[in-house]
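Heads up: the structure comes next, in structure tokens.
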């Protein structure tokens, strides 16, 4: 230790992880001692980062990579001729629209720090994204999540529409708040699903793990705490909240795997659900049919026509396809 | 590079020359960016997947959607979901990483490559053996001792060369230290 001196050699060795514990402690104490020291280590960190990137990529052969991609693309397009018709439905789901609204397009750093990250999906699409804080989010059809946080802020704020499932990266010091349609959900680190049903003025929040607090936006005084496997129904008109136990909580996120699951649901509910995923209008020609009940598991990729034909196997109703619409009528 | 709308229009029309030009422009910067998170081999895989995705989905591209952001976002998401390379060792590494995050996350940092060019120029001013030592120093798995053995010099010599190189580079790139370094300097003080 006697001959240990803080200089460019030892600082570079520190950053490369080559010092022993005692020497590391010495560098860290030195680092904490003054702004100038922190700046000096920061500069070397940056130099080494640059050098690493140059080292890493020196042997890249762009033209070879291009030829490789072209060959694989040709092979794939030959194969896909066969299965193209099967794929038509999934293709829509595969278009992941991840648009960084700010950040990389903004010029000044002030703008960069305040621009939100936006992820959204069109009808029939699903998407998954990782937010800047490490939180994973899955978006169901026609949904949108907007994340705003700066590197130096302690708060993580998300605005959302539609339906989304969050796995929030744990950070005891930075509460994560989701705001949707007048409801605030505050969390520390947890898994939960939020679904908006705008026409029913209803937000359904299901907690799978951890703990969250729900309150009408800006009314934290009246917050309700959810436990795992509980469901909160929030009426966006009356701001009423209703908390119930729900043993099948995991079912609420079937959609992230592209699964529908109906369990003794009315045909009306099922049709509403199908309308969210497929660009098809389904009409009832006989209102009594709305109350028929069905159970079954489907994949989004199955496609609407397959699902209708399976439901119809029960012979409880009949349907026909008229242009882009489906009409349901009595036998 | 022409404006985004023109490029998207050409891509949508299936223009392979345009795709080739795009590939040449973005491939290396995207790989460089991805090596922040994953090894080079994995980075090349991810970026090739992304570029193929772009071609196969060219008809769904929107003229308003900047390709630069799209490509870097996809590569970032893919890289982060892959095994992470930089295990953040402790508070100090986290702080250093955080203060540079904005700069290192900026596509232009890789596309324009001004700083990398300057670093290369500065390295060129050094004697070859210094340059070689410095490059080897950061190659994965090479400790000072291993470099010393490979170059038939003493570990002290390796240390000295690295130290001198770092000093010179700090000097040469002085004007490029961004404001962000000041943020780090003033923290807690």
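Can you give the mean number of other chain Cβ atoms that lie within 10 Å of the Cβ atoms in peptide A:65-75?
The shielding value for this peptide is 4.
Out of all Cα-Cα pairs in chain A, roughly what percent, to the nearest whole number, are more than 27 Å apart? All intermediate terms of the calculation are to be shown ahead of the outcome.
Values: 33942 of 54615 pairs.
Tail fraction, whole percent: 62.
Is it possible to state the helix-based mean residue ellipticity at 222 nm for chain A, with each DSSP H run of 4+ residues giving -39500 (n - 2.57), the sum divided by total residues, to the nearest 500 deg cm²/dmol? What is it?
-10000 deg cm²/dmol
Ignore the peptide's own chain and count Cβ atoms of other chains within 10 Å of each Cβ in B:25-37; give me the average, rounded.
3
What residue among A:261, A:229, A:16 shows peak mean-square fluctuation when chain A is described by a Gaussian network model with Cα springs under 10 Å?
A:16
Per Stokes-Einstein, at 37 °C and 0.692 mPa s, what whole-number D in µm² s⁻¹ belongs to the range A:264-318, with the Kirkwood radius over Cα pairs as the hydrodynamic radius?
In µm²/s, the coefficient rounds to 284.
Give me the angle, in degrees from 0 to 90, between the Cα long axis of helix B:67-81 and the longest principal axis of the Cα atoms of chain B, rounded to the nearest 10.
Result, in degrees: 60.
To test your reading of the geometry: what angle, between 0 and 90 degrees and rounded to tens, separates the Cα axis of helix B:16-34 from the longest principal axis of chain B?
Rounded to the nearest ten degrees, it is 30.
Build a GNM of chain B with springs between Cα atoms under 10 Å: which of B:74, B:162, B:92 gets the top mean-square fluctuation?
Comparing B:74, B:162, B:92 in a Gaussian network model of chain B, the most mobile one is B:92.
How far is helix A:62-94 tilted, in degrees, relative to the longest principal axis of the Cα atoms in chain A, given as a value from 0 to 90 rounded to the nearest 10?
30 degrees
Counting partner chain Cβ atoms within 10 Å of every residue's Cβ in A:4-14, what's the average?
Counting Cβ atoms of other protein chains within 10 Å of each residue's Cβ and averaging gives 4.
Where does the range A:134-229 land on the Kirkwood hydrodynamic radius, alpha-carbon pairs, in angstrom?
About 13.4 Å, per the Kirkwood formula over Cα pairs.
Can you give the FRET efficiency to the nearest 0.05 for residue A:161 and residue B:121, using r as the Cβ-Cβ distance and R₀ = 60 Å?
0.75
Antiparallel versus total DSSP beta bridges in chain A: what percent is that, nearest 5?
90 percent
Using 7 Å Cα-to-Cβ label points, what is the residue A:244/residue B:112 separation (nm, one decimal)?
My value for the distance between the label points is 5.7 nm.
With a Förster radius of 56 Å, plug the Cβ-Cβ distance of residue B:91 and residue A:291 into 1/(1 + (r/R0)^6) and report the FRET value to the nearest 0.05.
My answer for the efficiency is 0.35.
Once you have the Kirkwood Rh of chain B from its Cα pairs, apply Stokes-Einstein at 20 °C and 1.002 mPa s and quote D in µm²/s.
Taking Rh from Cα pairs, D becomes 111 µm²/s.
Can you give me the distance in nm between label points at residue A:77 and residue A:218, each placed 7 Å from the Cα along the Cα-to-Cβ direction?
Calculated label separation equals 5.5 nm.
Calculated FRET efficiency, residue B:20 and residue B:45, Cβ-Cβ r, R0 30 Å, to nearest 0.05? Can you show the working numbers first?
On the way: r = 20 Å, r/R0 = 0.66.
Once rounded, the FRET efficiency stands at 0.90.
Quick one: Cα centre-to-centre distance for the range B:100-133 and the range A:203-280, in angstrom?
If you average the Cα positions of each part, the centres end up 51 Å apart.
Under 10 Å, Cα contacts only: if you run a Gaussian network model on chain A, which one of A:276, A:186, A:46 comes out with the highest mean-square fluctuation?
Among A:276, A:186, A:46, the largest mean-square fluctuation in the Gaussian network model of chain A belongs to A:46.
Quick one: compute the contact order of chain A, relative version, from alpha carbon pairs under 8 angstrom and 6+ residues apart, as a percent. Write down the numbers at each step before the final one.
Details: 549 pairs, mean separation 27.0, N = 331.
It comes to 8 percent, rounded to a whole number.
Values in this text are rule-based calculations from the coordinates and carry no lab data. Predicted model only: the values in this text are computed from it and were never measured. All Cβ positions, even for glycine, are placed from backbone atoms using ideal geometry, and neighbour counts span all protein chains on display.
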